[in-house]
Amino acid sequence: MMDRPTDKALDAPRACFIAAGLDVLGERWALLALREMSLGVHRFDQIARNTGASRDILTGRLRTLESRGVIERVQYSERPARYEYHLTTSGAEVAPILISLAAWSSTWMRDETPRASYKHSCGADLKPLVLCAECGEEFKPGSLMLGPLMSTAGTDPASAAQ
């Protein structure tokens, strides 16, 4: 009996954009640093204090986020040289992910620890919604399907989002 050739695609982990995003964002201190920048905190010492990250770990996470174009360092003092960290367009688009994670956590990770809620500038609580860009229907469990594999190599993220 002849052995069938092994389909490597079936044996490999599923390739998806979630995995690619986790390579950059999928670490506690990176997400918490992005939370701080989304809330207007830009100085290293304030980010470290508000996240609880050690200086060496936070430095590594900020360098990774900078090298991947999620944040940028902006010098605010020459002597001594001091920098602030600001979100790029890419980094600013992480905020809805953080709001969704916060909403999930407030529902499912309940305990007695008080936590801040996230509000819109109008004062209302933020409720994340995922809508289909084509039909406008709200995402519901069971409506998710996996599309075909696609490459984004050489594409402009701004034009791909349109």
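Relative contact order, whole percent, for the chain stands at 15, derived from Cα pairs under 8 Å and 6 or more residues apart. Take the chain with all the other protein chains still there, run a 1.4 Å probe, and you get 81 Å² of accessible area per residue.
Residues within the reach of a label modelled at Ala116 (point 7 angstrom out along Cα to beta-carbon, backbone nitrogen below 14 Å), restricted to segment 41-70, are 41-43, 46-52. Protection proxy ranking, highest mean first, for peptides 139-146, 123-130: 123-130, 139-146, where packing is the per-residue count of other beta-carbon atoms within 10 Å, averaged. Exposed loop GluC sites (Glu not before Pro) only (DSSP loop, at most 14 other Cβ atoms within 10 Å): please give the longest stretch of the chain free of them, not including the sites. It works out to 1-77. For the chain, the share of accessible area belonging to carbon and sulfur comes to 56 percent (1.4 Å probe, ligands and nucleic acids excluded).
If you take the alpha carbon atoms of the chain and fit the smallest convex hull around them, that volume is 235 Å³ per residue. Loop exposure criterion: trypsin sites (Lys or Arg not before Pro), DSSP state outside H, G, I, E and B, at most 11 other Cβ atoms within 10 Å. Applied to the chain, the longest stretch between such sites is 15-109.
The values are calculated or read from the model by the stated rules, or taken from the named source; none is laboratory data. Since the model is a prediction, treat every value here as computed from it, not as a measurement. Virtual Cβ from ideal backbone geometry, glycine too; neighbours counted across all protein chains shown. Keep in mind that these areas ignore ligands, DNA and RNA; they rest on the heavy atoms of the full protein, side chains included. Shrake-Rupley method; radii C 1.70, N 1.55, O 1.52, S 1.80 Å.
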